[in-house]
Amino acid sequence: MGKTVSTRGKSKYIPQGKAFAKQGDRAANLLRPEYQWIAGHTGRYFCDQEGNIYSVCNTAIRVKAQHANTTGYMRFTINGDQKMVAREVLKAWKGEAPPGFQCAHLNDVKTDNNITNLRWARPGNQGDLKRIIEGTASQELYTNGSNRLDAQWNRAMKRQYETIQSHSDDCSCSICELRHLPEAVPLSLRQNNRSA
């Protein structure tokens, strides 16, 4: 399932009409809604929702090469500087990270940089729920601060995850409200919002 995108040795271009709707949009830096400019590189680099990075050349739009780093995360180069694909895509679509947060993959697949798979999370909270459900989580995730496995907590997390997954995207029940709250809102505020 790994994604290795490389344009080394071949030219990979897309037509300008795919990214810019009208002739004057390129000069005005107006992209189609399915694309966003990379933060700090407006007019030169942009990304799509799938995690592809594009470079605006004089006459064409080129797909930037992506390579896995030593830890397996995809990276690309801008002016000789290495950038992490997931972080730049998330910044482009969701804005800067809140203080103390970092980019996280929901499904723990380091090469899956689709915007629906990315979120800002505190260190250590990157894919815990999925690993618990699949049974691949380390023991300290189950202990909940004690030195024994907390089976009740584990079952509750699994039930909540399955309930949310079984509802449609436009469901507005009290459980699904959690899905629409921003990730940076502390749990205590989320509970207060539900009771209000």
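Calculated FRET efficiency, ALA39 and ASP170, Cβ-Cβ r, R0 30 Å, to nearest 0.05?
On the way: r = 30 Å, r/R0 = 1.01.
It comes to 0.50.
Too long at a 22 Å Cα-Cα cut-off: which of LYS12/LYS83; LYS12/LYS91; LYS18/LYS64; LYS64/LYS110?
On the way: LYS12/LYS83 20 Å; LYS12/LYS91 25 Å; LYS18/LYS64 16 Å; LYS64/LYS110 18 Å.
Check vs 22 Å cut-off fails for LYS12/LYS91.
Can you pull the one-decimal nm distance between simple spin-label points at ARG75 and GLN49, each 7 Å off the Cα toward Cβ?
Label at ARG75, label at GLN49, 3.0 nm between them.
Can you compute the equivalent ellipsoid semi-axes for region 1-123, i.e. the square root of 5 times each eigenvalue of the Cα gyration tensor, sorted largest first and rounded to whole Å?
Values: eigenvalues 118, 60, 30 Å².
With the √(5λ) rule applied to region 1-123, the semi-axes are 24, 17, 12 Å.
Values quoted throughout were computed directly from the atomic coordinates according to the rules given, and no laboratory measurement underlies them. Just so you know, these numbers come straight off a predicted model, no measurement behind them. So basically every Cβ, Gly included, is an ideal-geometry build from the backbone, and we count neighbours across all protein chains shown.
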